Amino acid sequence: MTQKQIERKSLIVSCIVNLIMAIGGFWIFSITNIQALFLDCSFSMIASCSCLAALEISKISNKKTKNYPDGLYFLEPLYSIFRTLLTLVLLFSSVARTAKAAWGYFAYGVGTPLMIEPVIPYEILMCIICFGLSFFNSQFASVFLTP
């Protein structure tokens, strides 16, 4: 199996798993309205979309054009910059929402109790899925790197 094939299989599986995690996170967020879960499902959605972008970039990055005779490899760092900026926007908006909620609670005593009952099984399941995905990807890498 070539490096590109391993990369593609790993990206496809990662995309599907991250999409499942994003859907699960949004479902639990809709039940509990806990902002941390919205952040969690947003990260998973960004990761899923990033995997799709990485699949497309890996297909075309080695193609040579008249303007780019060495290939379109500049797309890989451009993709990383875009993903990083998107993640930073998500983090800053999350900090702003959390600070607003904290200010409302500490200054005015306004707040709602958290409903965490569905969160505990969700987080246990997400940890298992993340470790499983990590194991899957490390097995593909070890198969490729083994002489």
Subset tally (residues that are in contact (Cβ under 8 Å) with a residue 40 or more places away in the chain and either aromatic (F, W, Y) or farther than 27 Å from I20 by Cβ (or both)) for region 39-81: 1
Pair list, Cβ < 6 Å and 6+ apart or interchain, from region 6-20 residues that are at positive phi to residues that are open to solvent by 70 Å² or more (accessible area, probe 1.4 Å) and among the aromatic types (F, W, Y): none
Hits in region 39-61 (condition: open to solvent by 60 Å² or more (accessible area, probe 1.4 Å) and closer than 24 Å to C130 by Cβ): F43, M45, C49, L52
Of all residues in region 109-144 being at pLDDT below 90 and surrounded by fewer than 10 Cβ atoms within 10 Å (Cβ to Cβ), the one that is farthest from F43 (Cα to Cα): G109
Which numbered condition T65 misses (of (1) among the hydroxyl-bearing types (S, T, Y); (2) more than 25 Å from the chain's Cα centre (by Cα); (3) modelled with pLDDT of 90 or more): (3)
Tally, over region 69-99, of residues that are part of a loop (DSSP other than H, G, I, E, B) and open to solvent by less than 100 Å² (accessible area, probe 1.4 Å): 4
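The rows are residues; the columns are (1) out of contact with any Pro (no Cβ under 8 Å at 6 or more places or on another chain); (2) in a helix (DSSP H, G or I); (3) open to solvent by less than 90 Å² (accessible area, probe 1.4 Å); (4) closer than 26 Å to F140 by Cα.
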{"position": "I16", "(1), (2), (3), (4)": "yes, yes, no, yes"}
{"position": "I28", "(1), (2), (3), (4)": "no, yes, yes, no"}
{"position": "K63", "(1), (2), (3), (4)": "yes, no, no, yes"}
{"position": "A101", "(1), (2), (3), (4)": "yes, yes, yes, no"}
Test: I23 is within 19 Å of E7 (Cα to Cα) and β-branched (V, I, T): no
Test result for I23, more than 13 Å from E123 (Cα to Cα), assigned to a helix (DSSP H, G or I) and open to solvent by 70 Å² or more (accessible area, probe 1.4 Å): yes
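The values are calculated or read from the model by the stated rules, or taken from the named source; none is laboratory data. These figures come from a predicted structure and were not determined experimentally. Backbone-built Cβ (ideal geometry, glycine too); neighbour counts: all protein chains shown. Just so you know, the surface numbers come from the protein's heavy atoms only, side chains and all, with ligands and any DNA or RNA stripped out. Shrake-Rupley method; radii C 1.70, N 1.55, O 1.52, S 1.80 Å.
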